[in-house]
Amino acid sequence: MMKKRSLSPLVVVTLVLGWATHSVSAGTGPGGAIKIGAQTLDSVVDGQETTRLRVEAELSTGMIADDHADFFLSVGGSPLGDSEYVDSYESGGNFYEDYYTDTFSMIDVRLGARLYPLGHNSSIRPHIGGGIGYYWLRDDYSDDYYTWVPDPLYPGDYLQYYDYADGSETISDAFFPFITAGISAPISDNLELLFEFEYDFGKDESGVDLGGPIYMIGARIRL
C-alpha cells in the first residue's frame, strides 16, 4: 500500500513537468469533460470506510476574468454496493422464505467556479475552486418471496407459492458544499488532460458519512 501511495504523486509531477516543457495554447471557449476516478466514503452496507468508482460528466463556460476563471456544471455518480437479507420462518403450519436485495448508488449534480492563478498563457493550468451540489442516495431493491402450505389432497406434501417485487426509492437527498483543486495540461488547441481532487462536506445519512475525498483524471474539449 505504501508503494502505491508514493507512486501517484511522482507520476503526476512527471506528467506536469513534461507538459510544462511544451508551449501549447488550449482553447478558452466553452468546454465539455469526461472524468473517471474514485471516491472514499463510508459504506451504506456496513458503515466501514470504502473506496468506490466514480464517473463524472461536466460542462463549463468559456474562460472569463482575463482567462483566469470559469464556471461549471457537472453530473456524477458511484455504485455503493449490495446488501442481501434472507429470512426463513414457520407460522401456522406454513413455511416462508424471503430473499431481499438492496443495490445502493449515489448521484449528484454540482455547480461551481474555478480560479486559474496562472491564467491562459501558462503551459499548465493549476486551479482551485468550489461550489454547491445536490445528491440523491438511491436504493434499487428486489424481493423474492416463497410460501409452502400443506397440500389438502396429499397429506405430508406442500404446495409452493412464489411472489416477486422490485422497485427503487431515494433514501436521502440534500444540498452539500464542496471544494476542488487540480491541474489542466493542454495537449492541443482544443484538448486538455485533467488531474482533479474534490472534497464533499455534509453528506450524512443516519451516521454514515457519504462525503470525503474524490480523485479523478479525464479530458476536456474546449472550443
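Taking only C-alpha pairs under 8 Å that are 6+ residues apart, what is the relative contact order of the chain in percent? Across the chain, relative contact order equals 22 percent. In terms of overall dimensions, the stretch 173-223 has a Cα radius of gyration and Dmax of 14.8, 48 angstrom. Restricting attention to the stretch 157-223, which trypsin sites (Lys or Arg not before Pro) occupy a DSSP loop and are surrounded by at most 15 other Cβ atoms within 10 Å? Those that pass, being in a loop and sparsely packed, number zero. As a ratio to 2.2 N^0.38 Å, the alpha-carbon radius of gyration computed for the stretch 131-174 takes the value 2.20. Distances between placed amide hydrogens fall under 5 Å for Asp209 paired with Asp42, all partners being 5 or more residues away or on another chain. In this label model, Trp148 and Asn121 are separated by 8.2 nm, measuring between points 7 Å along each Cα→Cβ vector. Scalar couplings 3J(HN,Hα) for the stretch 195-204, obtained by applying the Karplus form with A = 6.51, B = -1.76, C = 1.60 to θ = phi - 60°, are 10, 9, 10, 10, 9, 9, 10, x, 8, 10 Hz; x denotes Gly and Pro. Restricting things to alpha carbons, find the Rg to Rh ratio for the stretch 77-181 using the Kirkwood radius for Rh. Value, to two decimals: 1.39.
Per-residue ellipticity at 222 nm, computed for the chain from helices alone with -39500 (n - 2.57) per DSSP H run of at least four residues, works out to -3000 deg cm²/dmol.
For the chain, the longest principal axis of the C-alpha atoms and the axis of helix 2-20 are separated by about 40°. Each residue of the stretch 166-174 is assigned a 3J(HN,Hα), and the resulting list reads 8, x, 8, 8, 8, 6, 8, 7, 5 Hz, derived from the Karplus form 6.51 cos²θ - 1.76 cosθ + 1.60 (θ = phi - 60°), x at Gly and Pro.
A cut-off of 5 Å between modelled amide H atoms, ignoring neighbours fewer than 5 places along the same chain, links Ile187 with Glu192, Leu193. Full extension of the segment from Tyr141 to Tyr161, taken as 0.36 nm per residue of separation minus the current Cα-Cα distance, would add 5.1 nm. Could you run the Karplus curve 6.51 cos²θ - 1.76 cosθ + 1.60 with θ = phi - 60° over the stretch 42-52 and give me ³J(HN,Hα) per residue in whole Hz, x for Gly and Pro? Those phi angles translate into 7, 6, 5, 6, 10, x, 7, 5, 9, 10, 10 Hz.
Considering only alpha-carbon pairs that sit under 8 angstrom and 6 or more positions apart, the relative contact order computed for the stretch 79-204 is 22 percent.
Any read-out appearing in this document is the output of simple, stated calculations on the displayed coordinates, not a laboratory observation. Note that this is a predicted model, so its numbers are computed, not measured. Cβ coordinates were reconstructed from backbone atoms using ideal geometry, including for glycine residues, and neighbour counts include every protein chain displayed.
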